[in-house]
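Just below is one structure, and these are the notes that go with it.
The values are calculated or read from the model by the stated rules, or taken from the named source; none is laboratory data. Please read these numbers as outputs of a predicted model, since none were measured by experiment. Please note: Cβ atoms are built from the backbone with ideal geometry, for glycine as well, and neighbour counts cover all protein chains shown. Side chains included, ligands, DNA and RNA excluded: accessible areas come from the protein's heavy atoms. Shrake-Rupley method; radii C 1.70, N 1.55, O 1.52, S 1.80 Å.
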Amino acid sequence: MDNEKYRLDDINIDKLNDEERKIVDKRIKNRVLTNATPVFIELVVGSLFGMVDMMMLGNIKGDMVGAASLSSVGITNQLVFLGLSLVQALCIGGTTMIARYLGAHEEDRMGDVVKHVIIMAVLFVGIPVVLLSQLLTVPVMKFVGATPEVLQYGQNYFKIICGGFIFQCINVSLFSALRGVQNTKAPMFINLIANAINVIGNYILIYGKLGVPALGATGAAISTITSQALASIMVIIYFIKFEDRLNVNFKKKFKFNPTTMSNLVKIGVPASLEQLALRGGLFLFIRLVTSLGTLTHAAHQICINILSLSFTTGQSLGISTSALVGHALGEKRPDRAKEYMMITKKIGFTISLFIGMLLFFFGKYAVALYTNEAAIIEMSGDVLKIIALVQPFQTVQLLTAGGLRGAGDTVFPLIATTIGILFIRTIVGYSFVYFFNMGLVGAWIGVVVDQLTRFFVIEKRSRGDEWLKVKIK
């Protein structure tokens, strides 16, 4: 059989027989994995480095110092993740437009999109986060739920991390643009280098090695923003020297483009509202967890850190699917866009089933690497068993939502997130904690119900064809 006639750029998938469909499915699977694998490696290694960072903080010697340091990371992340979520919402619009323009062979429009995203991210998100964190440090930390111990050991960490937030705005914006043209290797290598530098710096500055004084959580913060600044330098150099498809000329004067802004608003506003709903739900949830005490909050933060490894499957496949779906629709090939979605779901479900088994049977052993506190190990182990059961649904939901966003359909992910995390998770979590006295386990039952709710809403949308009809100018 002449397989060359089954080129993905030419065929109509809906008109293939069974034998031809197998050949094409294999090629689509290879394309998905080729695009997703660097993202997966980047996120997995980043998560592993993050886990090492948390282990270093959790093992700082001193009564409650380790637990308070872990909690300070969680408190700081509430503001940082809120800012990042808004930047990522802008980037969703940018990635979708870039992928569409790539598919439609309109590469000359890409550089304008990249500049709009960076400027909006820095001006409207980066600078406000920096000012808020530096001028209102204690009020913001208390509002999020910081205890006196966390305020004592975590104020410097909070101010330093948030003070360097603009570097993250630049990095996220430029990395998302590269992924829009299916360049996932450059972000992977840059992030791997930056994360390795961060871990080495953490070891030196947290514990006081090579003649440097032991700075604890403050040292971790210094190392983190240094690595982020280096990542910004590396990605800008990459754009200047190697990336010519995106047509970004940093020397050329920025000019406001109404069409670009219109597209970013159309896609980005629902995505931004989704992220606000997500952060609002997470804020209510973290308030619930912090009310259970510092040890419980530390256990929760360890679970989040370990689970970041499990999120990577859905995130990497979602990023890959987003770019591929956008590219296919730019070529006016909705049949291929839908096939990308279906193949990716099968891959994600299989991988996440295996991850769930690892979490269920070996989760407690991973927790023991973070802390020697028996109470924290027990609580975290129980939570990981619960969340292991929902891994396949969580992964498929994440990657399917990524595919919808790649098509420009950001409304249904907004609906699913609002219903799931802002209402379902909050109501169920508070009920199990306060009415059934189930502590941290009860709070995480709310997470499971939330994930299942979002899965069914997103899955129903993806089975139709309306998401394939979203227009971009």
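Annotation: residue 241 fulfils all but one of (1) in contact with a Phe, Trp or Tyr (Cβ under 8 Å, 6 or more places away or on another chain); (2) surrounded by fewer than 18 Cβ atoms within 10 Å (Cβ to Cβ); (3) modelled with pLDDT of 85 or more; the unmet one is (1). Total residues in the range 75-108 satisfying the condition of being part of a helix (DSSP H, G or I) and free of Cβ contacts under 8 Å to residues at least 24 places away in the same chain: the figure is 1.
Taking the conditions exactly as written (in contact (Cβ under 8 Å) with a residue 12 or more places away in the chain, open to solvent by less than 50 Å² (accessible area, probe 1.4 Å) and not in a helix (DSSP H, G or I)), does residue 263 satisfy them or not?
On the way: in contact (Cβ under 8 Å) with a residue 12 or more places away in the chain: yes; open to solvent by less than 50 Å² (accessible area, probe 1.4 Å): yes; not in a helix (DSSP H, G or I): no.
In short, no.
A residue that is open to solvent by less than 20 Å² (accessible area, probe 1.4 Å), in a helix (DSSP H, G or I) and either out of contact with any Phe, Trp or Tyr (no Cβ under 8 Å at 6 or more places or on another chain) or in contact (Cβ under 8 Å) with a residue 40 or more places away in the chain (or both) can be found somewhere in the range 252-260.
Tell me, which residue of the range 335-353 that is among the hydrophobic types (A, V, I, L, M, F, W, C) and open to solvent by 10 Å² or more (accessible area, probe 1.4 Å) is nearest to residue 397 (Cα to Cα)? Spell out the reasoning first.
Just the residues of the range 335-353 that are among the hydrophobic types (A, V, I, L, M, F, W, C), to begin with: 337, 341-343, 347, 349, 351, 353.
If we keep only those that are open to solvent by 10 Å² or more (accessible area, probe 1.4 Å) too, we end up with 342-343, 347, 349, 351, 353.
Values: 342: 12, 343: 14, 347: 13, 349: 10, 351: 14, 353: 14 Å.
Residue satisfying both the conditions and the ranking: 349.
Picking from residues in the range 416-471 that are surrounded by fewer than 16 Cβ atoms within 10 Å (Cβ to Cβ) and of a type in the set (Lys, Arg), the one that is farthest from residue 401 (Cα to Cα) is 471. Residues of the range 197-212 that are part of a helix (DSSP H, G or I), surrounded by fewer than 22 Cβ atoms within 10 Å (Cβ to Cβ), of a type in the set (A, V, I, L, M) and modelled with pLDDT under 90: 199 alone. When you check residue 348 against the structure, is it on the phi > 0 side of the Ramachandran plot, of a type in the set (Gly, Ala, Ser) and within 23 Å of the chain's Cα centre (by Cα), yes or no? Answer is no for this residue.
Here residue 367 clears all of (1) open to solvent by 80 Å² or more (accessible area, probe 1.4 Å); (2) among the aliphatic types (A, V, I, L, M); (3) more than 16 Å from residue 390 (Cα to Cα) except the condition numbered (1). Just wondering, is there one or more residues in the range 31-44 that are more than 20 Å from residue 345 (Cβ to Cβ), crowded, with 19+ Cβ neighbours inside 10 Å, modelled with pLDDT of 70 or more and not hydroxyl-bearing (Ser, Thr, Tyr)? Yes - at least one qualifying residue is present in the range 31-44. Looking across the range 286-296, the residues that are on the phi < 0 side of the Ramachandran plot, open to solvent by 10 Å² or more (accessible area, probe 1.4 Å) and either at pLDDT 80 or above or touching a Phe, Trp or Tyr at 6+ places or on another chain (Cβ under 6 Å) (or both) come down to 287, 290, 291, 292, 295, 296.
I'd like the full set of residues that are surrounded by fewer than 19 Cβ atoms within 10 Å (Cβ to Cβ), among the small types (Gly, Ala, Ser) and more than 25 Å from residue 115 (Cβ to Cβ), limited to the range 213-238. Passing the criteria: only 214.
List the helices (runs of 4 or more DSSP H) that sit entirely inside the range 358-433 and contain at least 1 residues that are within 19 Å of the chain's Cα centre (by Cα).
Details: elements: 374-388, 391-406, 411-417, 426-430.
Result: 374-388, 391-406, 411-417.
Out of 71, 47, 133, report the one residue that is modelled with pLDDT under 75 and open to solvent by less than 10 Å² (accessible area, probe 1.4 Å).
From the options 71, 47, 133, the qualifying one is 71.
Residues in the range 145-160 that are within 22 Å of the chain's Cα centre (by Cα) and either open to solvent by less than 10 Å² (accessible area, probe 1.4 Å) or hydroxyl-bearing (Ser, Thr, Tyr) (or both): 157, 158. Being in a helix (DSSP H, G or I), modelled with pLDDT under 80, buried (at least 21 other Cβ atoms within 10 Å of the Cβ) and hydroxyl-bearing (Ser, Thr, Tyr) holds for only one residue in 310, 316, and it is 310. Scanning the range 165-190 for residues that are in a helix (DSSP H, G or I) and open to solvent by 30 Å² or more (accessible area, probe 1.4 Å) turns up 166, 167, 170, 172, 179, 185, 189.
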